[in-house]
1. Just a yes or no: is a residue in region 377-395 outside any strand (DSSP E or B), more than 26 Å from Leu429 (Cβ to Cβ), polar (S, T, N, Q) and touching a helix residue (DSSP H, G or I) at 6+ places or on another chain (Cβ under 8 Å)?
2. If Arg398 satisfies all but one of (1) part of a strand (DSSP E or B); (2) modelled with pLDDT of 95 or more; (3) surrounded by fewer than 16 Cβ atoms within 10 Å (Cβ to Cβ), what's the number of the condition it fails?
3. Can you tell me which condition Phe204 does not meet? The list is (1) loosely packed, with under 15 Cβ neighbours inside 10 Å; (2) modelled with pLDDT under 95, and all the others hold.
4. Out of curiosity, is Val278 within 29 Å of the chain's Cα centre (by Cα) and either under 19 Å from Glu200 (Cβ atoms) or in a loop (DSSP other than H, G, I, E, B) (or both)?
5. Those residues that are part of a loop (DSSP other than H, G, I, E, B), touching a Phe, Trp or Tyr at 6+ places or on another chain (Cβ under 9 Å) and over 21 Å from Ser277 (Cβ atoms), I need them from region 166-211; list them, please.
6. Of Ile219, Ile261, which residue is within 27 Å of Glu123 (Cα to Cα) and in contact (Cβ under 8 Å) with a residue 60 or more places away in the chain?
7. Ala71 passes all but one of (1) part of a helix (DSSP H, G or I); (2) at pLDDT 90 or above; which number fails?
Amino acid sequence: MSFVFLALWMTGILISGCTPPSYSGDDLKRAVIEITRKEYGIENCDVKVVGTTFGVFLPLSQLFSMDFKEAILSGQVTDMEQLFQPTEEAIDKIEDVLFSMSRVILSTDRKIDFYFLQATDIEKTGMEINFIGHSDDIKRVRFWDIPRSEYRKRIIHEMQLNRPVLWHRPVKQFFNDLNEKTRSELKLLYFKNLDDAKWEEEFFLTSKMGASDEKGARIWEVIDVRSLPVEDREVVVYAKVNARPRDGQGAPQVLDYLFQISARGGEEKIDRITPMSVLDQTSADLDAPMTRDMIYSSLERWDEEFSVPDMTLGEFLAMQLSRRMQMAFSQDERVYNTFSEIKAVFQHVEGDPGHFIFHMTAPLKDIRQKAYTLDQGVNEDVIYAWNLATREFVNVLRGYSFKDWEFLSFSLTQAPSYTWTANQQDLELYRRMKKPLQDILTLTPQVAS
């Protein structure tokens with residue numbers, strides 16, 4: 001996937017004014033929404049701050065330039081990178097939002113350590129690109145304290161599927177249809193097996209005289225929507241909505257509903273709609289019986305479309321190091337010639353202080369060789385890979401002045417009964433090239449749990 005727009009965004013940071021207006025900590029959401037709307041015409045951003053992580057949600061009508069289903073079914077896909085190439089419009093919007101976030105971060109009085117952008121295709125695929133970065137890095141690249149090449153390595157970007165977007169889509173479409181479609185169209189789409197009286201009154205398609213109206217008397221606005229998978233292809237979706245009179249007369253009502261959604265064949269479909277007001281009476285008929293109290297007490301744990309991670313520096317560094325090593329290993333000739341495949345992940349374990357673990361799965365191409373044996377120790381090619389990871393580890397942590405950790409341990413899938421550990425003091429000697437890695441590793445047998 002091409003991320004050329006990251007370089008363009010950094011250029012925007014570097015040439016931006018040095019004295020932007022100040023935004024108070026309580027004003028971050030309004031500031032970003034106002035900037036993106038007035039200056040870039042982006043109307044539908046959302047903003048959350050979790051801990052010291054500043055998150056923005058950018059919903060997109062289309063993220064990738066190719067239609068997945070059509071491209072795959074056509075059999076014409078020869079380049080997977082081309083399949084996941086963002087559209088020009090998506091790139092422009094991502095750049096604009098990232099630049100807006102940097103402006104706010106650079107001029108707020110609130111403590112913001114991390115920024116998180118979630119750019120999600122809400123209409124076609126449910127795929128999204130997430131960006132996570134450290135706010136100090138924005139300042140450092142702006143004042144040339146770190147080069148742009150290093151800054152690019154410090155930004156974590158990942159692509160994934162946002163399943164709640166897919167699960168919530170038919171629910172949002174339902175309320176949109178309530179706003180726009182006629183009674184006969186609604187019946188055909190959603191209520192063809194129900195008596196009219198059972199749904200018309202609930203959704204305000206009954207007049208004061210008791211007659212059926214052609215269009216509903218309320219305008220529906222979705223306030224909150226969350227989902228919970230209950231089986232492999234069955235999901236329940238909770239939706240809270242504001243129903244205000246279409247004619248502007250009278251007070252709005254806040255209502256909530258539970259939807260049963262089936263996800264089969266790549267398509268999500270509403271199977272049942274239950275008003276929360278009558279859930280306890282009808283719960284026994286549901287495939288997954290629930291009560292109102294059960295739902296209300298657990299809603300905070302249900303899946304949302306936009307979820308901001310409460311990042312810590314240790315966790316961020318572990319994610320960054322994992323990405324760096326994936327790239328480094330993929331470009332290293334000795335690693336390519338030695339291992340049939342290599343998977344490497346850094347993990348940060350919180351504590352006082354915490355520590356890091358480097359997990360590696362690396363089967364050797366020469367099946368006669370072993371990653372570790374009691375008599376010969378760790379294979380020299382494994383040590384070579386560990387050296388690459390350790391050098392990156394000590395340099396990155398030094399670059400962030402992060403010292404709240406005690407040791408780094410190494411684990412091998414091919415030798416699950418052992419770990420190798422190096423403490424912070426010895427790793428500093430390694431960084432200064434005073435000791436080789438082999439001399440600072442302590443072998444520790446793992447006790448079976």
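The values are calculated or read from the model by the stated rules, or taken from the named source; none is laboratory data. Nothing here was measured: the structure is a model prediction, and the numbers come from that model. Counting neighbours? That spans all protein chains shown, and the Cβs are built from the backbone with ideal geometry, glycine included.
1. Looking for residues that are outside any strand (DSSP E or B), more than 26 Å from Leu429 (Cβ to Cβ), polar (S, T, N, Q) and touching a helix residue (DSSP H, G or I) at 6+ places or on another chain (Cβ under 8 Å), one finds none in region 377-395, hence no.
2. (1)
3. Every listed condition holds for Phe204 apart from (1).
4. no
5. Within region 166-211, no residue meets the criteria.
6. Just a single option satisfies the conditions, and that option is Ile261.
7. Only one criterion is unmet by Ala71, namely (2).
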